[in-house]
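K.L.:
Questions regarding the structure given below will be posed in turn.
The values are calculated or read from the model by the stated rules, or taken from the named source; none is laboratory data. Just so you know, these numbers come straight off a predicted model, no measurement behind them. Positions of Cβ are backbone-derived with ideal geometry, glycine not excepted, and every protein chain shown enters the neighbour counts.
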Amino acid sequence: MQRRTDQSATVSPAQLLTHCPDNPEISLPEADEASGGPGILDVARRLVCFTAIVGARPNFVKMAPILQEAGRRSGFQRRFIHTGQHYSPEMSASFFDELGMPAPDVNLEIGSGSHAAQTAGVMLGLEAELSEHRPDLVLVAGDVNSTMAAALVASKLGIPVAHIEAGLRSFDRRMPEETNRLVTDVLSDYLFASEPSGVTNLVAEGVPREKIFLVGNVMIDTLMKFRDKAAQTGILDRLGIGSKGYAVATLHRPSNVDGMEHLLSLVGMLTELSRHLPVVFPVHPRTRERMEEAGIADCGLILTEPLGYLEFLRLTSEARMVLTDSGGIQEETTILQVPCLTMRENTERPITVEQGTNRLVGTDSKDILRAALDTLDAPPRLLPPPDLWDGKASGRILDILERSLGGDCGR
Ligand code: UD1
């Protein structure tokens, strides 16, 4: 793709870094009224054509507010692609319905497979799609295989890439997501960080400062928008539990569920905890498969299918504590002010520990149980939410793109 040559009407990311409404990190140039030259408002009127790509459950939650906000603005034209990495109704369609997302223009239907098969499937499908409909920008979010595959294809086609949730690092290459984050960030032209550690990590890796924007957390945009609606779901009644009278557990990381002995030990720990407090355990398909292989059936937990967004949000909002190995749940519990015990050795989201309700408790069952019982006795201190986790992150991202990119689709 050729970038437009009319540079006078295009604002570079570097120019954006001096001030911006709602974000002291970002700055937008003023309109040049004296000269009558093109100011920021003129630039903003140009159409920006982007292709947003999603593949897995957390992507839907992050991209939904961007699509909605872009739909409200006249300056954007979008295409929307689902890679099909997640495909079961409860892992995909239910999120689209509940979050009010548009139907994708294309579903690549790549489905499950090895990392190589999944990545290659997305790349082949997207190469054709992006070659035919060359956007000004490809927008990806998070750290799943579809995110990295999309960034690779776009970059090789010469299409700028914007990464939402850039710069997060666990510094643990055993996590497939860490590879996905590193590759996506190195290929991205706009790196939108959700917390200050993201900016620090990217700068340390040598990413030019003018490509990095601290914009806040789009997942929290979605949480704030849907919190009231979630309160209307009947999930607590359906499960026969009351507010603050239960814990929620989720487990899906290969490192926690793929080894049978470790999985048995973690489920045993949850069973022990359930003697003190009922434990609701919505089971990810990967985990269900492994539990069946291990012969785990009646373990004293309240097992459910993977829940939709609204029911899960309601469930976590009212929980006494959450035990998880998910990334996004660490952030959601911080805003919901619900204690979160992360069953991992590290987190790529350190602000949730420093300034939220998150505590890293490792993966040893005895340690986790001890931490859970401690939490029952003494819940963590509550702190104000991280800066810019205020429901307005998607607006900031679109402001930056609108003011930085220009042009129409007629190439
Ligand atoms: C993926 C992401 C992970 C993210 C998680 C959120 C990667 C490397 N991992 O992990 O970062 O936290 O999504 O859920 O991209 N399956 C179904 N139905 C589906 C999807 C999956 O039954 O709709 C089952 C299949 O058996 C599949 C397994 O779950 O093999 C794993 O799915 P996959 O997309 O490979 O990874 P997740 O564990 O979901």
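K.L.:
Looking for whichever is of a type in the set (A, V, I, L, M), closer than 23 Å to residue 236 by Cβ and in contact (Cβ under 8 Å) with a residue 60 or more places away in the chain here; the options are 372, 393. Which one fits? Please lay out each step first, then the result.
P.N.:
Working: 393 fails: closer than 23 Å to residue 236 by Cβ.
The unique qualifying residue is 372.
K.L.:
Kindly evaluate residue 316 against the criterion of being of a type in the set (Ser, Thr, Tyr) and within 16 Å of the ligand (Cβ to nearest atom).
P.N.:
For residue 316, the condition - of a type in the set (Ser, Thr, Tyr) and within 16 Å of the ligand (Cβ to nearest atom) - is met.
K.L.:
Which residues, taken from region 220-238, are under 26 Å from residue 267 (Cα atoms) and loosely packed, with under 15 Cβ neighbours inside 10 Å?
P.N.:
Within region 220-238, 237, 238 qualify.
K.L.:
Give the residues of region 242-259 that are hydrophobic (A, V, I, L, M, F, W, C) and within 16 Å of the ligand (Cβ to nearest atom), sorted by residue number.
P.N.:
248, 249, 251, 257
K.L.:
Right, here's the next one. Can you give me the number of residues within region 286-295 that are out of contact with any helix residue (DSSP H, G or I) (no Cβ under 8 Å at 6 or more places or on another chain) and loosely packed, with under 15 Cβ neighbours inside 10 Å?
P.N.:
3
K.L.:
Please work out which residue is modelled with the lowest pLDDT, limiting yourself to region 331-381 and to residues that are more than 22 Å from residue 268 (Cβ to Cβ), surrounded by fewer than 19 Cβ atoms within 10 Å (Cβ to Cβ) and hydrophobic (A, V, I, L, M, F, W, C).
P.N.:
Out of the qualifying residues, it is 378.
K.L.:
Among the candidates 89, 160, single out the residue that is within 12 Å of the ligand (Cβ to nearest atom) and either at pLDDT 95 or above or surrounded by 16 or more Cβ atoms within 10 Å (Cβ to Cβ) (or both). Spell out how you get there, then give the answer.
P.N.:
Numbers: 160 fails: within 12 Å of the ligand (Cβ to nearest atom).
None of the other options fit; the residue is 89.
K.L.:
Considering only residues that are under 14 Å from residue 180 (Cβ atoms), assigned to a helix (DSSP H, G or I) and more than 9 Å from the ligand (Cβ to nearest atom), which ones fall in region 120-152?
P.N.:
122, 123, 149, 150, 151, 152
K.L.:
Just to be sure I understand, how many residues within region 382-398 are crowded, with 21+ Cβ neighbours inside 10 Å, of a type in the set (A, V, I, L, M, F, W, C) and part of a loop (DSSP other than H, G, I, E, B)?
P.N.:
So the answer is 2.
K.L.:
Right, next: Kindly indicate which of 35, 74, 94 is farther than 20 Å from residue 163 by Cα and either modelled with pLDDT of 95 or more or within 12 Å of the ligand (Cβ to nearest atom) (or both).
P.N.:
The unique qualifying residue is 94.
K.L.:
Further question: Exactly one of (1) more than 16 Å from the ligand (Cβ to nearest atom); (2) under 24 Å from residue 222 (Cβ atoms) is unmet by residue 352. Its number?
P.N.:
Looking at each condition in turn, residue 352 falls short on (1).
K.L.:
Go through region 97-115 and give me each residue that's buried (at least 17 other Cβ atoms within 10 Å of the Cβ) and either under 12 Å from residue 64 (Cβ atoms) or within 16 Å of the ligand (Cβ to nearest atom) (or both).
P.N.:
Selection gives 98, 99, 101, 104, 108, 110.
K.L.:
What single numbered condition from (1) under 26 Å from residue 99 (Cα atoms); (2) surrounded by 15 or more Cβ atoms within 10 Å (Cβ to Cβ); (3) away from the ligand (no atom under 16 Å from the Cβ); (4) not hydrophobic (A, V, I, L, M, F, W, C) fails to hold for residue 272?
P.N.:
Failing condition for residue 272: (1).
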